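S.K.: For reference, the structure I am asking about is given below.
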Amino acid sequence: MKIGNVIHFAEREKLEKYFEQLVFFGFDNCQLGSWNPKDWTDENAQMVKELCEKYGVTISAFWCGWSGPVVWDFYDGQLTLGLVPPEYRQMRVEQLCAGADWAKKLGVTDVITHMGFIPENPNDPQFAPFCIAVRTVAGHLKKNDQWLLFETGQETPVTMMRCFEKVNMDNLGINLDTANLILYGRANPVDALDVFGKYVRNIHAKDGFYPTNGHSLGQEVRLGDGKVDFKALFKKLKELQYDGYVTIEREIWNEQQQPDIIHARDYLTEIINEVYGG
C-alpha cells in the first residue's frame, strides 16, 4: 500500500516545486488535480510526464474538475455541483471526457470527480438523465481503458450504489474520501465499506466532524483529530483485500498544511504497518 498526496496542476516552475515537495516528504505517488480544461494540452501532458520521470513520481489518478459555478454547501451545492444540475450537464460531460483523454496521455487510468448531489429518490425526474450522462462519460473512458471514479461525499452510499446499478458499466469505481462522508453527514466511512467496499480504487485520507447545521458542511481537521476511525477503516480495507493507494488530502491553504501532511504520513504509516504488517 502506497501513501501519497494530492497536488494541483500549475505552470512548470510551480508544479516542479510541488514535485520537489512530494519527494521531500518521502512520497513517490500523487493524485493530480485540474479544474481548467484549457490546461489539458499536449505540451502540458509532456511537461507532467517529464516531471514524473525526473522525480520518480507515479500519478495514481487524475482528479478532473469542470467549468461553471461551484459552491460547497447544502443549498447552492445542490444547484452547482457535478453532473446533477441540468443546465451544466452537457458541458461537464464533454469536459470530463476531454480530461480523461488528457489523463490517457499521462498514462493514467483512473479519473475522479464529484458527481454532485445525486437524487436520493430514484423516481426524481433528474435521476434517469443524470445516469445517462454518467453512462456517456463512462462509455468514453471505457474506450480509453480507463475507470470513472466517484468521489464520496454528496450522496449516501446506497444512492451511489443505485446509480452504479442504473448506469450498468463495469468501469465505475470509488475514490473513498474518508472525511467527506462525515463532512456531508452522509455516512460513517467504515460502515460505508459494507455497502460499496468492493468498488474502492483510491482513497483520500482526510478527517473531520459532522455538520452542526443544515446549511454548511462539517469542519475538516488534521488526521486523527476528527471522527474517522482509521484503524477500523484499514482493518475493513484489509478484509476487502484493498492494497492500493492512500492519498493524503489536507484542504487548508496556510502554513499549517505542510506540518499536517507530514503528521498524516506518519500517522497513516503507523496504522497501516500495524494492520497490514510492516
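S.K.: For the chain, build the charge dipole from Cβ charges (+1 Lys, Arg; -1 Asp, Glu) around the Cα centre, then report which of PRO69, ALA264, GLN154 sits farthest towards its positive end.
M.R.: Farthest along the dipole direction, towards plus: GLN154.
S.K.: Using the 10 angstrom Cβ neighbour count as an exposure proxy, how do LYS236, LYS166 rank, fewest first?
M.R.: Starting with the residue having the fewest Cβ neighbours, the order is LYS166, LYS236.
S.K.: Order of THR109, THR178 from fewest to most other C-beta atoms within 10 Å?
M.R.: Least to most surrounded, the residues fall as THR109, THR178.
S.K.: Something else now. Non-local amide H neighbours of TRP147 (under 5 Å, H modeled in plane, Pro and chain starts lacking H): which ones?
M.R.: HN-HN under 5 Å from TRP147: ASP110, VAL111.
S.K.: With Cβ to Cβ distances under 15 Å as the rule, what net charge do the other residues near VAL167 carry (K, R +1; D, E -1)?
M.R.: Value of the local net charge: +2.
S.K.: Could you size up the charge dipole of region 2-277 around its Cα centre, putting +1 on the beta carbon of Lys and Arg and -1 on that of Asp and Glu, and report it in debye to the nearest 20?
M.R.: That gives region 2-277 a dipole magnitude of about 560 debye.
S.K.: Assign unit charges at the C-beta atoms only (+1 for Lys and Arg, -1 for Asp and Glu), then state the dipole size of region 1-136 relative to its Cα centre in Debye, rounded to the nearest 20.
M.R.: 220 debye
S.K.: Is the C-alpha gyration tensor of region 112-178 telling us rounded, prolate or oblate? Criteria: a/c under 1.5 is rounded; beyond that, a/b larger than b/c is prolate, otherwise oblate.
M.R.: It comes out oblate by the Cα gyration axes.
S.K.: I've got another one for you. Identify which of the listed values of Kirkwood radius over Cα pairs in Å was calculated from the structure shown: (i) 19.9; (ii) 19.0; (iii) 21.7.
M.R.: Only one listed value fits the structure, namely (ii).
S.K.: Quick one: grab the alpha carbon gyration tensor of region 172-276, order the square roots of its eigenvalues as a ≥ b ≥ c, and give me rounded if a/c is under 1.5, else prolate or oblate depending on whether a/b is larger than b/c.
M.R.: Oblate, because a/c is 1.5 or more while a/b does not exceed b/c.
S.K.: Among DSSP beta bridges lying fully in the chain, give the percent that are antiparallel, nearest 5.
M.R.: 5 percent
S.K.: Also: What list do you get for GLU94, GLU239 if you sort them by fewest beta carbons within 10 Å?
M.R.: GLU239, GLU94
S.K.: Sticking with this structure for a sec: Let a ≥ b ≥ c be the square roots of the eigenvalues of the Cα gyration tensor of region 1-100; is it rounded (a/c under 1.5), or, if not, prolate (a/b larger than b/c) or oblate?
M.R.: It is prolate, given that a/c is not under 1.5 and a/b is the larger ratio.
Throughout, read-outs are computed from the coordinates displayed, never taken from laboratory work. Remember, predicted model here, so these are calculated numbers, not experimental data. Quick reminder, even Gly has a Cβ in these numbers, built from the backbone with ideal geometry, and neighbours come from all protein chains shown.
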